[in-house]
Amino acid sequence: MKRLLWVGNSRIAGKGLFTAQEIKKGTRILQYIGEKIPKAESEKRLAQGNPYIFAFNDHWDIDGKVLRNKARYINHSCDPNCEVHMTSRTIWMVALRDIKTGEELTFNYGYELDDEMAQPCTCGAEHCCGFILAQQYWGVVKHSESIQREDTVNLKKRTQLSAP
């Protein structure tokens, strides 16, 4: 059965993908489609600013920049209503819970911690970790941030104490 979906302005970021009908938990909603490209090409396109590269497997990624790929409008949330299911041939967005008509579709992008600065999250979820990260890193980032804030406060205190 084809799902009725529409692209509209998101409270999370830019455009978002919304449902025009109720969707039951476990339903395959839509595929993430696009050009299948090798990892080396993915790196080039990411460096050029393409935000629609989706890691597929150890050798290939999907460049979802194609216009017919509505899934590219699904924003990140720390409390998502969808999750990704990978098969050997495709990427599916699947409902994690029952989704109401008019609700924005979201999933956790699951970014890893690496040398790059973590991207701030604007999802607005009650338990938002503040960054677009896989859930296993939430405590690490919060802990690192509080240490950085303490260091900044301590530096300010030391500067004020040493001022004439």
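For residues that are hydrophobic (A, V, I, L, M, F, W, C) and either within 22 Å of GLU35 (Cβ to Cβ) or buried (at least 16 other Cβ atoms within 10 Å of the Cβ) (or both), scanning just region 97-120, find the one that is modelled with the lowest pLDDT. Don't jump to the end; show me each part of the working.
Restricting attention to region 97-120, the residues satisfying the condition of being hydrophobic (A, V, I, L, M, F, W, C) are 99, 105, 107, 113, 117-118.
If we keep only those that are either within 22 Å of GLU35 (Cβ to Cβ) or buried (at least 16 other Cβ atoms within 10 Å of the Cβ) (or both) as well, we get 99, 105, 107, 118.
Details: ILE99: 96, LEU105: 96, PHE107: 89, ALA118: 67.
So the residue we want is ALA118.
Of everything in region 42-57, what is surrounded by fewer than 14 Cβ atoms within 10 Å (Cβ to Cβ) and assigned to a helix (DSSP H, G or I)? Give them in sequence order. So that I can check it myself, show each step before the final result.
Residues of region 42-57 that are surrounded by fewer than 14 Cβ atoms within 10 Å (Cβ to Cβ), as a first pass: 43-44, 47-51, 57.
Hits for region 42-57 are GLU43, LYS44, ALA47.
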Problem - Odd one out for LYS39, checked against (1) within 25 Å of SER88 (Cβ to Cβ); (2) exposed (fewer than 14 other Cβ atoms within 10 Å of the Cβ) - result: (2)
Practice task
Go through the residues of region 67-83 one by one and say whether even a single one is aliphatic (A, V, I, L, M) and at pLDDT 90 or above.
Solution key: yes
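Residues ILE53, ILE91: which one is modelled with pLDDT under 90 and not acidic (Asp, Glu)?
ILE53
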Problem - Within region 21-49, tally of residues that are within 30 Å of GLY102 (Cβ to Cβ) and either free of Cβ contacts under 8 Å to residues at least 60 places away in the same chain or charged (D, E, K, R) (or both) - result: 6
Practice task
Just name the residue that is farthest from ILE33 (Cα to Cα) out of those in region 58-93 that are touching a residue at least 60 places away in the same chain (Cβ under 8 Å) and part of a strand (DSSP E or B).
Solution key: HIS76
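The values are calculated or read from the model by the stated rules, or taken from the named source; none is laboratory data. Model, not experiment: these values are computed from the prediction. Don't worry about glycine lacking a Cβ; one is built from the backbone with ideal geometry, like all the others, and counts go over all protein chains shown.
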